[in-house]
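Novice: Can you keep this structure in mind? I'll have questions shortly.
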Amino acid sequence: MPEISSASTQRGFVKVGQENSTSIELYYEDHGSGSPVVLIHGWPLNGDAWEKQTAALLAAGHRVITYDRRGFGRSSKPAVGYNYDTFAADLDALLRALDLTGVSLVGHSMGTGEITRYIGTFGTERLRKAVLIGTLGPYLVKAPENPEGIDASVFSGIQAGIRADRPATLMAFLKNFYSVGGADGKLVSELAIQANWSVAIGASAIGTLACVDAWIEDFRNDISHNDLPTLMIHGDDDRILPADVTSRRQAKMIKGVMYIEIKGGSHGLPWTHAEEINAAIVEFLA
């Protein structure tokens, strides 16, 4: 059983590994009671990105758990483990430490990768339902057997930008995250973007860079193991993970999936379309 340390019942740390002389720990918050929901954030943010969903799910009578991915937020910032096999194992450690069963997993962006790889590796025994918002799958990078993908040079370019000027690259990313200049860009304030940037710049520089390699992992085999009731939500103006490459393809691979596409929606749907997202999630998890 993974180790839990906690200063209170609302927040704590789960040990998921060891790097030299220090433990690798995930920070989590655990609120409410009822059917449990674990919220898994996107890059380069932390569990606080779910503030609007946490409030709605608590009001709907759920137990809500958020956590910070390794390298981000208040979790440990090791130099290792930034791949989806490790991220899924970290999620499994959290579920086991809190002894969660009948749990619904809700992921945004990179967080959808944890869900998909977890299902492919650990199965669905502990799980009840899955929600994928701005999904990463099924396979982002263009390859001979994946001609619909994005050219690998796009990802190497992002990594070059992070190496050269991480603060500027993260700000440019966040403006695309919210489709600034488009319909959704009018639904987010400059201060909200600045707040996201402040979180992002506090993340591990090593982890921020290494996660880009994780984005282009192949999830097609993992998706084939998903037998859960699944809700997918995507924006048709997602400039980070375009729907043609991601959600529209993945939705065809999951039996009985409920698919919602939001007109004018950016990658930052949990913030810009919080009411719509919250209503869909609450209804789906009921």
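Since every read-out is calculated from the coordinates, none of them should be taken as a lab result. Nothing here was measured: the structure is a model prediction, and the numbers come from that model. Here the Cβ positions follow ideal geometry from the backbone for every residue, glycine too, while neighbour counts run over all protein chains shown.
Novice: Pull out a ≥ b ≥ c, the square roots of the eigenvalues of the alpha-carbon gyration tensor of segment 214-256, then state rounded if a/c is under 1.5, prolate if not and a/b is larger than b/c, and oblate in the remaining case. Spell out each step's value before the answer.
Specialist: On the way: a/c = 2.42, a/b = 1.32, b/c = 1.83.
Since a/c reaches 1.5 but b/c is at least a/b, the shape of segment 214-256 is classed as oblate.
Novice: Longest segment of the chain with no GluC sites (Glu not before Pro) in a DSSP loop having at most 10 other Cβ atoms within 10 Å? Please report the intermediate quantities before stating the final value.
Specialist: Numbers: sites that count: Glu125, Glu145.
Between the exposed loop sites, the longest stretch runs 146-286.
Novice: Next question. Please report, ordered by residue number, every helix of the chain (full DSSP H runs) that is 20 Å or longer along its axis going by C-alpha atoms and whose mean Kyte-Doolittle hydropathy reaches -1.0.
Specialist: Details: long enough: 152-177 (22 Å, 0.46).
Counting only whole DSSP H runs, the qualifying helices are 152-177.
Novice: In sequence order, what are the phi-derived ³J(HN,Hα) couplings for segment 236-253 according to the Karplus relation 6.51 cos²θ - 1.76 cosθ + 1.60 with θ = phi - 60°, rounded to whole Hz, with x for glycine and proline?
Specialist: Each residue's phi maps through the Karplus curve to give 7, 10, 6, 8, 8, 10, x, 4, 4, 8, 10, 5, 5, 6, 5, 4, 6, 9 Hz.
Novice: Can you list residues whose amide H is under 5 Å from Lys129's amide H, if they're 5+ apart or on another chain and H is modeled 1.01 Å from N?
Specialist: Ser104, Leu105
Novice: Just to be sure I understand: with springs between alpha-carbon atoms less than 10 Å apart, which residue in Asn20, Asn221, Asn46 has the highest mean-square fluctuation in the Gaussian network model of the chain?
Specialist: Among Asn20, Asn221, Asn46, the largest GNM mean-square fluctuation belongs to Asn20.
Novice: For a distance above 26 Å, tell me the whole-number percent of Cα pairs in segment 4-285 that qualify.
Specialist: Values: 14937 of 39621 pairs.
Here the tail beyond 26 Å accounts for 38 percent of pairs.
Novice: Starting from the coordinates of the alpha-carbon atoms of segment 1-145, obtain the Kirkwood hydrodynamic radius over all distinct pairs and give the value in Å to one decimal.
Specialist: Numbers: mean 1/r = 0.0650 Å⁻¹.
Hydrodynamic radius (Kirkwood, Cα only) of segment 1-145 equals 15.4 Å.
Novice: With +1 assigned to the C-beta of every Lys and Arg and -1 to the C-beta of every Asp and Glu, and no other charges, what is the dipole magnitude of the chain about the Cα centre in debye, to the nearest 20? If you can, show how the numbers build up before the last one.
Specialist: Values: 25 positive and 33 negative charges, 22 e Å.
For the chain, the charge dipole is close to 100 debye.
Novice: Run lengths n ≥ 4 of DSSP H only: what is the helix-derived mean residue ellipticity at 222 nm for the chain, with -39500 (n - 2.57) per run over all residues, to the nearest 500? Please list the in-between numbers first.
Specialist: Working: 10 runs with 110 residues, N = 286.
The helix contribution divided over the chain gives -11500 deg cm²/dmol.
Novice: Which one, Asn226, Asn83, Asn146, has the greatest fluctuation when you compute a Gaussian network model over the chain with C-alpha springs under 10 angstrom?
Specialist: Comparing Asn226, Asn83, Asn146 in the GNM, the peak value goes to Asn146.
Novice: Further question on the same structure: Have a look at segment 81-166 and give its Rg and Dmax from the Cα atoms, expressed in angstrom.
Specialist: For segment 81-166, the Cα radius of gyration and maximum Cα-Cα distance read 15.4, 45 Å.
Novice: Here's something else I'd like to know. Give the residue from Met232, Ile150, Ser189 lying farthest towards the positive end of the charge dipole for the chain; charges sit on Cβ (+1 for Lys and Arg, -1 for Asp and Glu) and the dipole is referred to the Cα centre.
Specialist: Selected residue: Ser189.
Novice: Scan the chain and hand back the longest stretch that contains none of the trypsin sites (Lys or Arg not before Pro) lying in DSSP loops with at most 13 other Cβ atoms within 10 Å.
Specialist: 1-251
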